[in-house]
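The values are calculated or read from the model by the stated rules, or taken from the named source; none is laboratory data. The structure presented is a predicted model; accordingly, all values stated were derived computationally and were not measured. Positions of Cβ are backbone-derived with ideal geometry, glycine not excepted, and every protein chain shown enters the neighbour counts. All accessible areas refer to the heavy atoms of the entire protein, side chains included, with ligands and DNA or RNA removed. Shrake-Rupley method; radii C 1.70, N 1.55, O 1.52, S 1.80 Å.
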Amino acid sequence: VYGNVGFMGLPLVMSVLGEGAVPYCAMGIAVFNVANWTHGVTVMGQKGSLRRAVLNPGVIGFAIAMALFVGGVALPGPVRSAVEYISGLNTPLAMVVIGGQMAGADLAATFRAGRLYGAAALKLVVMPLVTIVALFPLGLDPMMYLTLVILAVHGHPSHGSPVGPNGVLSV
């Protein structure tokens with residue numbers, strides 16, 4: 001159900017729209033991660049436990065990050081540097097993981113599988129158009145609109161562009 005908007009979504013948005021889109025991207029990723037960590041935990045076997053769905057590492061991390069952000073708390077120099085170094089690995093690590101997945105794939109069999117062409121058309125044409133049309137009437141700021149379109153199209157395994165390791169499309 002969930003792709004990985006942070007793994008490739010953030011680098012993609014930054015490369016297409018620049019640094020100005022990062023706040024919108026961060027908001028989109030935050031909403032996505034809270035949904036992923038609450039609904040995902042529930043679906044993956046923690047049914048019936050609202051406490052487990054809400055008190056998990058993803059939601060707790062998000063709450064701490066929001067408190068730091070809203071409170072205007074700056075991280076100490078060494079901690080900030082460590083976070084910046086780790087965030088700088090986002091794009092290169094995504095490329096390594098995707099490259100590793102592709103290295104183990106039987107590409108010839110993939111191109112012979114006729115029904116994958118229908119899935120690709122749905123993923124690359126139909127879903128992006130549906131997303132664009134659904135968001136257009138909301139009259140969003142153009143930067144926000146484009147950021148949300150890229151994240152929405154990218155973030156779901158049945159949509160637009162490559163996803164991280166947990167966003168495998170099954171046909």
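How many residues are surrounded by 10 or more Cβ atoms within 10 Å (Cβ to Cβ) and either of a type outside the set (S, T, N, Q) or modelled with pLDDT of 80 or more (or both) when one looks only at segment 44-63?
12
Within segment 112-130, being part of a helix (DSSP H, G or I) and over 23 Å from the mean Cα position of the chain (by Cα) holds for 112, 115, 117, 118. Answer yes or no: is there a residue in segment 93-111 that is part of a helix (DSSP H, G or I), open to solvent by 50 Å² or more (accessible area, probe 1.4 Å) and among the hydroxyl-bearing types (Ser, Thr, Tyr). Yes, the conditions are met somewhere in segment 93-111. Applying the condition of being of a type in the set (Ser, Thr, Tyr) and in contact (Cβ under 8 Å) with a residue 24 or more places away in the chain to segment 1-42 and asking which residue is farthest from residue 63 (Cα to Cα) yields 2.
Screening 83, 168 for residues that are surrounded by fewer than 16 Cβ atoms within 10 Å (Cβ to Cβ), closer than 21 Å to residue 29 by Cα, at pLDDT below 80 and not polar (S, T, N, Q) leaves exactly one candidate, 168.
Here's a check for you: in segment 112-135, which residue that is surrounded by 14 or more Cβ atoms within 10 Å (Cβ to Cβ) and β-branched (Val, Ile, Thr) is modelled with the lowest pLDDT? Per the criteria, the residue is 131. Scanning segment 11-42 for residues that are in contact with a Lys or Arg (Cβ under 9 Å, 6 or more places away or on another chain) and either open to solvent by 50 Å² or more (accessible area, probe 1.4 Å) or among the polar types (S, T, N, Q) (or both) returns a single hit, 42.
Only one residue in 5, 41, 1 is out of contact with any Phe, Trp or Tyr (no Cβ under 6 Å at 6 or more places or on another chain), at pLDDT below 85 and under 22 Å from residue 148 (Cβ atoms), so which one is that?
1
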